[in-house]
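First comes the structure, then the notes that go with it.
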Amino acid sequence: MGETGAARQSHGYHHGDLKPVLIAAARRLVEADGHDRLSLREVARQAGVSAMAPYRHVENREALLAELAAQGFRELGAALKAAADQGVDPRSRSLAQAQAYVGFARANPGLFRLMVGPLDPAQKQLIAADAEAAHAMGATPDIDPDLARARWALVHGLSMLIIDGRLAIAPGDTVPAIVARTVAALWPEGGVGQSGAGQSA
């Protein structure tokens with residue numbers, strides 16, 4: 001049987017390990033209700049601690065959201081780097097990264113919307129994590145920078161259309177297949193491998 005909030009408060013959290021619990025609770029709430037409605041009071045309730053406990057670990061609501069967004073950027077950057085390692089040439093790496101980017105957005109729509117919102121320059125860890133993810137998306141040295149930028153813009157826009165429910169998907173079609181065709185359109189030869197076309201949505 002799981003511990004009650006009071007029991008969890010009585011041991012463990014006072015040793016300083018509450019922040020990851022708060023971030024995890026915030027992530028669940030952001031996915032359920034969006035980041036605009038997040039409150040530290042509700043985060044504390046979800047974490048099973050007092051309403052004032054979060055303030056010993058984060059300055060305010062905005063600081064907690066910045067921590068969560070930075071976590072998301074680190075996860076996205078790692079996924080993009082892993083995807084790039086799967087490719088054997090620029091086209092296959094481009095497709096693998098596009099699938100990873102869209103896949104991350106689909107799996108974490110609330111977090112993704114938070115990440116792509118305005119960045120507070122005062123949150124240095126957030127800016128650094130964002131830059132790392134951006135570098136991972138464009139870190140294929142054998143792709144022209146303008147093409148890499150166009151790829152990022154296109155894949156990002158496609159991700160937003162998908163998670164906002166604005167992209168019509170025909171019967172028998174799948175999101176990975178749409179991503180593969182979209183990335184292929186960036187190459188004059190249309191030569192991106194169709195490895196994503198057979199995947200299920």
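The values are calculated or read from the model by the stated rules, or taken from the named source; none is laboratory data. Here the structure is a predicted model, which means the values were calculated and not measured. As a convention, Cβ positions derive from the backbone with ideal geometry for all residues, glycine included, and neighbour counts pool all protein chains shown.
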So if I check each of R113, R166, R106, R151, which one is more than 21 Å from A79 (Cα to Cα) and at pLDDT 75 or above? R166
What's the number of the only condition in (1) surrounded by 17 or more Cβ atoms within 10 Å (Cβ to Cβ); (2) more than 18 Å from the chain's Cα centre (by Cα); (3) not β-branched (V, I, T) that Q97 fails to meet? (2)
Out of T182, T140, report the one residue that is buried (at least 17 other Cβ atoms within 10 Å of the Cβ), of a type in the set (S, T, Y), part of a helix (DSSP H, G or I) and modelled with pLDDT under 95. T182
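Between R61, R27, R41, which is among the basic types (K, R), at pLDDT 90 or above and touching a Leu at 6+ places or on another chain (Cβ under 7 Å)? Before the answer, list the steps.
Working: R61 fails: at pLDDT 90 or above; R41 fails: touching a Leu at 6+ places or on another chain (Cβ under 7 Å).
Result of the check over R61, R27, R41: R27.
Test G157 against the criterion of being under 17 Å from the mean Cα position of the chain (by Cα), surrounded by fewer than 19 Cβ atoms within 10 Å (Cβ to Cβ), of a type in the set (G, A, S) and not in a helix (DSSP H, G or I), and give yes or no.
Details: under 17 Å from the mean Cα position of the chain (by Cα): yes; surrounded by fewer than 19 Cβ atoms within 10 Å (Cβ to Cβ): yes; of a type in the set (G, A, S): yes; not in a helix (DSSP H, G or I): no.
The answer is no for G157.
This table checks each residue for (1) in a helix (DSSP H, G or I); (2) of a type in the set (F, W, Y); (3) in contact (Cβ under 8 Å) with a residue 24 or more places away in the chain.
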{"residue": "E67", "(1), (2), (3)": "yes, no, yes"}
{"residue": "A79", "(1), (2), (3)": "yes, no, yes"}
{"residue": "F104", "(1), (2), (3)": "yes, yes, yes"}
{"residue": "G110", "(1), (2), (3)": "yes, no, yes"}
{"residue": "D120", "(1), (2), (3)": "no, no, yes"}
{"residue": "Q125", "(1), (2), (3)": "yes, no, yes"}
